[in-house]
Amino acid sequence: MSKNTKKSAFLATGLMLFALFFGSGNLIYPPTMGQNAGSAVLPATLGFLITGVGLPLMGVLAIAYSNSHDVQDLAGRVSKWYGIVFAVVLYLAIGPLFVSPRNATVAFDIAIQPFLGDDAQLKARADNIVFSVGTYAVSELKLWLAGFAAVFFAVSYWLSVSPGKLVDRVGKVLTPALLLSIAVLVVYAAVNPMAPLQAPSAAYAAAPVVKGLIEGYGTMDALASLVFAIIVIDAVRGMGYGKKEEVLYLTSRAGFVAIGFLALVYAFVAYMGASSVGRIGMQENGAVVLAKAAHFYFGAPGNVLLAVIVLLACLSTSVGLITSCGEYFARLLPKVSYRIWITVFTLVSLALANIGLTGIIKFSVPALMLLYPLTMVLIIMAFLDKFFGGRRIVYACAMLGTAPVAVIDGWRTLHGMLEMPKDDWIMHADSYLTGTLPLYPQGLGWLLPAAAGLAVGLVLAKIFVKGE
């Protein structure tokens, strides 16, 4: 393999990986952080990059380094059945049940809905029933969403039909268009900041790096990294590079290309958010910050530009999720073809997208709170594998230490969203852990139990396991 060929291969694959990672949520988090960080935006961005960029890279490298065939193979080091259950739940959560339909609804809310009228007009349309059958009624706004979602997933399906062409379709077409659209907005904003940086909020003034770390943790890209890594590895192998060393070489460098672009975008968007407060004031979420910033710089064409950015970002991520889920389930149940699986997942995503963004978020966050700690521990264990000889008992103990806190975190989140009774057992457990377990209030309470489980596993392996 020549150096020029390698360079071309990992560059195109890296651009594809960037586009797969870069969904709508990745655009929304940094400007919100920037607004709150103010003059402390630099250290806050550093913290954000550690978790928002570093952890996804670790996930990609963990799959390549461990030479795992997929997430099931890696999670199966705990136990065979754990690997299957974990992989199925992870793929469904970040695929057709939550993240995939969320991409369509976020794209609609940011890129389409603003062009349908102002707030008053939207409310009037939402209250205006235009179609009904029996007791079922549909508003005009819901019809717009249904129509948009149908087109969105039709395009996603077409791009997903031939996974071997993802590098050409995403890495060489969608990604350059996405990067160019983002660059027009963020580079112009960096050269012409809206206003001087304001003082940081209390949390950012006290510990900007730590606060940034927590915000980056919330992107949840580490979950998707284990899934998207397989797409990258398959793409590399599809180029004719089958040796383990070649696959690891190209996959790792593709990962660095992807995180390089992610880091640049995050830094520019965070700075744009930080410099916007003096002009547009504090906003409730990053979507509003982006919309007002785009309008401030370019007027109505700015909103069109933002629409293009969001549509490209959501579409590329949607394609990656549908493709990943289809390929995994085709391996798990080979009697059902890849094309049938992606058809099913596309239709399920389309159906759930019509619930709307609020409904999807309501049930997706608890699942992510449960899965994220388990995923992070799995990634860490993949890198430590050689130090304990891959002993199954070490994997099992680390997961047993992590799982209780992850379950409580997920259930507590669902408990709050459903407004269940405050005297429920979960609230008592939450109150106890808040006062006793370090980092639990910040969503990182799983770290200490996971470390304790790892330590116990290492001791048990040394005492009871004789060269597994």
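When ranked by the protection proxy of mean other Cβ atoms within 10 Å per residue, highest first, what sequence do the peptides 203-216, 425-438 form? Show your work: numbers first, answer last.
Working: 203-216: 20.1, 425-438: 13.6.
Sorting 203-216, 425-438 by mean packing, highest first, produces 203-216, 425-438.
Can you send over the carbon and sulfur percentage of the accessible area for the chain, probe radius 1.4 Å, protein chains only?
On the way: 13710 of 20160 Å².
Carbon and sulfur together cover 68 percent of it.
Quick check: the angle from helix 140-160's long axis to the longest principal axis of the chain, C-alpha only, nearest 10 degrees?
Taking the Cα atoms of the chain, the angle to 140-160 is about 50 degrees.
Whole-Hz ³J(HN,Hα) for each residue in the range 82-90, computed from phi via Karplus 6.51 cos²θ - 1.76 cosθ + 1.60 with θ = phi - 60°, x for glycine and proline: what do you get?
Computed from phi, the couplings for the range 82-90 are 4, x, 5, 4, 4, 5, 4, 5, 5 Hz.
Taking the Cα centre of the range 357-467 as origin and charging only Cβ (+1 Lys, Arg; -1 Asp, Glu), how large is the dipole, in debye to the nearest 20?
On the way: 8 positive and 6 negative charges, 122 e Å.
Its charge dipole is roughly 580 debye.
Per residue, how large is the accessible surface of the chain? Use a 1.4 angstrom probe and give square angstrom. Present the calculation step by step, with values, prior to reporting the outcome.
Details: 20160 Å² over 468 residues.
Per residue, the chain has 43 Å² of solvent-accessible surface.
Of the listed pairs LYS211/LYS292; LYS142/LYS335; LYS80/LYS243, which have alpha-carbon separations greater than 32 Å here? Please list the in-between numbers first.
On the way: LYS211/LYS292 25 Å; LYS142/LYS335 37 Å; LYS80/LYS243 26 Å.
The pairs that break the limit, which is 32 Å between Cα atoms, are LYS142/LYS335.
Need one word for the chain: rounded, prolate or oblate. Basis is the Cα gyration tensor (sqrt eigenvalues a ≥ b ≥ c); a/c below 1.5 gives rounded, then a/b vs b/c decides.
On the way: a/c = 1.36, a/b = 1.25, b/c = 1.08.
Cα axes put the chain in the rounded bin.
Order ILE408, ILE463, ILE94, most accessible first, counting only protein heavy atoms with a 1.4 angstrom probe.
Numbers: ILE408 30, ILE463 95, ILE94 5 Å².
Reading off the accessible areas and sorting them downward yields ILE463, ILE408, ILE94.
Please go through the range 372-413 and write out the trypsin sites (Lys or Arg not before Pro) that DSSP classes as loop and that have at most 11 other C-beta atoms within 10 Å.
none
With +1 assigned to the C-beta of every Lys and Arg and -1 to the C-beta of every Asp and Glu, and no other charges, what is the dipole magnitude of the range 6-354 about the Cα centre in debye, to the nearest 20?
In debye, rounded to 20, the range 6-354 gives about 720.
In whole Hz, with x marking every Gly and Pro, tabulate ³J(HN,Hα) for the range 372-377 from phi via Karplus 6.51 cos²θ - 1.76 cosθ + 1.60, θ = phi - 60°.
Coupling constants for the range 372-377: 4, x, 4, 5, 4, 5 Hz.
Of LEU447, ILE380, MET369, which is farthest on the positive side of the dipole of the range 357-467, counting Cα position, with +1 on Lys and Arg Cβ, -1 on Asp and Glu Cβ, and the Cα centre as origin?
ILE380
Residue by residue, what Karplus-based ³J(HN,Hα) values in Hz, rounded to whole numbers, does the range 55-71 have, using 6.51, -1.76 and 1.60 with θ = phi - 60° and x for Gly and Pro?
Along the range 55-71, the couplings run 5, x, 4, 4, x, 5, 5, 4, 5, 5, 5, 7, 6, 7, 6, 6, 5 Hz.
Within 10 Å, count the other beta carbons around each residue, average over each peptide in 275-282, 103-110, and list them highest first.
Numbers: 275-282: 17.1, 103-110: 25.2.
Going by the mean number of other Cβ atoms within 10 Å, highest first, we get 103-110, 275-282.
Could you order peptides 35-41, 447-453 by the average number of other Cβ atoms within 10 Å of their residues, highest first?
Details: 35-41: 24.1, 447-453: 19.0.
In decreasing order of mean packing, 35-41, 447-453 become 35-41, 447-453.
The values are calculated or read from the model by the stated rules, or taken from the named source; none is laboratory data. Computed from a predicted structure; not experimentally measured. Positions of Cβ are backbone-derived with ideal geometry, glycine not excepted, and every protein chain shown enters the neighbour counts. Calculation scope for accessible area: heavy atoms of the full protein, side chains included, ligands and nucleic acids excluded. Shrake-Rupley method; radii C 1.70, N 1.55, O 1.52, S 1.80 Å.
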